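Undergrad: Have a look at this one before I ask anything.
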Amino acid sequence: MPKKQLAITAGQAPHHFLAPVFAQYPLEVASASGVWLTDTRGEQVLDLYGGHAVAALGYGHEGWTAALARQAQSCQFQSNAVTMRVRERAARRLVRFSRLPFASAFFVNSGAEANENALKIALRMTGRSHVAAIEGGFHGRTAAAGAVTWGARSRWYGFPRTPFEVSFIPRRDAAAISAQVTRDTAAVIVEPVQGVAGAVDLGAAFLGALRVRCDEIGALLIFDEVQCGVGRTGEPFAANLYGVRPDMLTTAKALGNGFPCAALLMSPLVAASLEPEFLGTTFGGGPLACAAINAVLAAIEDQRLLERVKRIGAYIRSTCRLGPVNGHQGAGLLVGLRTTRPAKEVQAELLACGILTGTASDPQVLRLLPPFILEEQHVDLLRDALRGLAA
Ligand SMILES: Cc1ncc(COP(=O)(O)O)c(C=O)c1O
């Protein structure tokens, strides 16, 4: 693959009309197919980042593309005030896919919006005013989701105050839970595998201890599986992987394979607390989004992608500890490669070799969030590239 001159830049010189809020890769994508991106110069780049964990089926997936085209031709939109079979199918399919005792799905548009609604439900159901979150967690940039995001208030939160009181529990510290989860606590929100933090797996013991404390104190347990859900860990959700049952689970990203959508799954008790008008959305659960969700879940099942995620995740872990990589963390295809030097350096060097990866809030972690259709031969390209880089 040809070498390119690279640096991750903070500006957006060629795109003057876009708000200057994103650092950007020196890469302009023209098209994509499978796990490959083609840039505007016709060069191919192996995508091990999947657009922040979104492109679960890769690019140009036949079933997903056909489902969207069919839905666009038959009826592109009707609101939630109108019954549509495609929407009912998506809710039933997602609840069944979860293999968890959920009763209902509320469809929205983004991960932050799903979390915002989950927190709103918990605060009202309990009549309490405090939420506990976990150090290192990321939940989105809106008022409530940002309030429970670790470090947001000192960096980008922007609102004059949070809509409820928040405290943070140190990761994996089961002994610290009871002091932070009290009779004032409406909910605990947690990413079972923290994504932005660098694929930090919180483990069954800590997650189980959160469940026990929530039951003791009457708080609700919310799993934010926006990044780690919908098969990315090799199970339908990380809740399955760790055997811990949340009261609510939020998910997005891979759910639509790039068509914007998100969902809030809820237990029968939570569903029973709802009444008309308490929640709402115009676009959430739109027929195109639901067609995308149905196609993604069908593909995961029909192509046996959960098995593939487990197999390829294990292959990455067994082959890619070399060059500047000296350790691994995460689960399935949410992989954190620990680096001996700044991960941003390694990321830029890999992009020069034609491989796109991500970084994390931990500066020594390179994050991989590849499509679930990744094969061993693609991992071999990463291994060979890492072998050529300075340790
Ligand atoms: C775990 C987690 N929760 C919530 C969000 C926010 O999702 P969105 O950007 O769709 O609002 C993200 C986004 O990266 C995430 O990783």
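The values are calculated or read from the model by the stated rules, or taken from the named source; none is laboratory data. Since this is a predicted model, take the numbers as computed values, not measurements. We place every Cβ from the backbone using ideal geometry, glycine too, and count neighbours over all the protein chains shown. Surface accessibility is based on the protein's heavy atoms, side chains included, excluding ligands, DNA and RNA. Shrake-Rupley method; radii C 1.70, N 1.55, O 1.52, S 1.80 Å.
Undergrad: Have a look at Leu264, Leu255, Leu241 and point out the one that is of a type outside the set (Asp, Glu) and open to solvent by 10 Å² or more (accessible area, probe 1.4 Å).
TA: Working: Leu264 fails: open to solvent by 10 Å² or more (accessible area, probe 1.4 Å); Leu255 fails: open to solvent by 10 Å² or more (accessible area, probe 1.4 Å).
Testing whether each residue is of a type outside the set (Asp, Glu) and open to solvent by 10 Å² or more (accessible area, probe 1.4 Å) leaves just Leu241.
Undergrad: Here is a check on your reading of the model: is Arg70 touching a residue at least 40 places away in the same chain (Cβ under 8 Å), over 20 Å from the mean Cα position of the chain (by Cα), open to solvent by 60 Å² or more (accessible area, probe 1.4 Å) and under 22 Å from Gln303 (Cα atoms)?
TA: Numbers: touching a residue at least 40 places away in the same chain (Cβ under 8 Å): yes; over 20 Å from the mean Cα position of the chain (by Cα): yes; open to solvent by 60 Å² or more (accessible area, probe 1.4 Å): yes; under 22 Å from Gln303 (Cα atoms): yes.
Spelling it out, Arg70 is indeed touching a residue at least 40 places away in the same chain (Cβ under 8 Å), over 20 Å from the mean Cα position of the chain (by Cα), open to solvent by 60 Å² or more (accessible area, probe 1.4 Å) and under 22 Å from Gln303 (Cα atoms).
Every residue, every condition in (1) of a type outside the set (Phe, Trp, Tyr); (2) within 16 Å of the ligand (Cβ to nearest atom), yes or no:
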{"site": "Gly58", "(1), (2)": "yes, no"}
{"site": "Arg70", "(1), (2)": "yes, no"}
{"site": "Ser79", "(1), (2)": "yes, no"}
{"site": "Val82", "(1), (2)": "yes, no"}
{"site": "Arg89", "(1), (2)": "yes, no"}
{"site": "Phe102", "(1), (2)": "no, no"}
{"site": "Phe107", "(1), (2)": "no, yes"}
{"site": "Glu116", "(1), (2)": "yes, yes"}
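Undergrad: A further question follows. Kindly indicate whether Ala390 is at pLDDT 95 or above, open to solvent by less than 40 Å² (accessible area, probe 1.4 Å) and of a type in the set (A, V, I, L, M, F, W, C).
TA: Values: at pLDDT 95 or above: yes; open to solvent by less than 40 Å² (accessible area, probe 1.4 Å): no; of a type in the set (A, V, I, L, M, F, W, C): yes.
No: the conditions fail for Ala390.
Undergrad: Scan region 102-120 and report the pairs whose first residue is over 19 Å from Pro287 (Cβ atoms) and whose second residue is within 9 Å of the ligand (Cβ to nearest atom) and among the charged types (D, E, K, R), with Cβ atoms within less than 7 Å and a gap of 6+ or a chain change.
TA: As it stands, the answer is Gly111/Lys253; Ala112/Arg141; Asn115/Asp224, since those pairs meet every condition given.
Undergrad: So, one more: Going through region 98-113 one residue at a time, which ones are more than 18 Å from the chain's Cα centre (by Cα) and polar (S, T, N, Q)? Walk me through it before giving the result.
TA: From region 98-113, those more than 18 Å from the chain's Cα centre (by Cα) are 99-104; that's our starting set.
Residue satisfying the conditions is Ser104 alone.
Undergrad: Moving to a separate point now. Of all residues in region 308-324 being part of a helix (DSSP H, G or I) and in contact (Cβ under 8 Å) with a residue 40 or more places away in the chain, which is most open to solvent (accessible area, probe 1.4 Å)?
TA: Of the residues in region 308-324, the ones part of a helix (DSSP H, G or I) are 308-319.
Those left that are additionally in contact (Cβ under 8 Å) with a residue 40 or more places away in the chain: 308-310, 312-313, 315-316, 319.
Working: Arg308: 49, Val309: 0, Lys310: 97, Ile312: 1, Gly313: 1, Tyr315: 59, Ile316: 4, Thr319: 27 Å².
Top of the filtered list is Lys310.
Undergrad: May I pose another question? Could you name every one of the strands (runs of 3 or more DSSP E) located completely within region 135-238 that has at least 1 residues being small (Gly, Ala, Ser) and buried (at least 16 other Cβ atoms within 10 Å of the Cβ)? Working first, answer last.
TA: Working: elements: 165-169, 185-190, 220-224.
Those strands (runs of 3 or more DSSP E) span 185-190.
Undergrad: Kindly establish whether Leu366 is under 23 Å from the mean Cα position of the chain (by Cα), crowded, with 24+ Cβ neighbours inside 10 Å and in contact (Cβ under 8 Å) with a residue 60 or more places away in the chain. First the steps, then the outcome.
TA: Values: under 23 Å from the mean Cα position of the chain (by Cα): yes; crowded, with 24+ Cβ neighbours inside 10 Å: yes; in contact (Cβ under 8 Å) with a residue 60 or more places away in the chain: no.
Here the answer is no, as Leu366 does not meet what is asked.
Undergrad: Please state which one of Gly146, Gly151 is within 16 Å of the ligand (Cβ to nearest atom) and either within 16 Å of Ala254 (Cα to Cα) or more than 17 Å from the chain's Cα centre (by Cα) (or both). Talk me through it step by step, then tell me what you get.
TA: Numbers: Gly146 fails: either within 16 Å of Ala254 (Cα to Cα) or more than 17 Å from the chain's Cα centre (by Cα) (or both).
The conditions single out Gly151.
Undergrad: Condition test on Pro246, is it in contact (Cβ under 8 Å) with a residue 12 or more places away in the chain, out of contact with any Cys (no Cβ under 6 Å at 6 or more places or on another chain) and within 14 Å of the ligand (Cβ to nearest atom)?
TA: Numbers: in contact (Cβ under 8 Å) with a residue 12 or more places away in the chain: yes; out of contact with any Cys (no Cβ under 6 Å at 6 or more places or on another chain): yes; within 14 Å of the ligand (Cβ to nearest atom): yes.
Considered against the rule, which asks whether it is in contact (Cβ under 8 Å) with a residue 12 or more places away in the chain, out of contact with any Cys (no Cβ under 6 Å at 6 or more places or on another chain) and within 14 Å of the ligand (Cβ to nearest atom), Pro246 comes out as yes.
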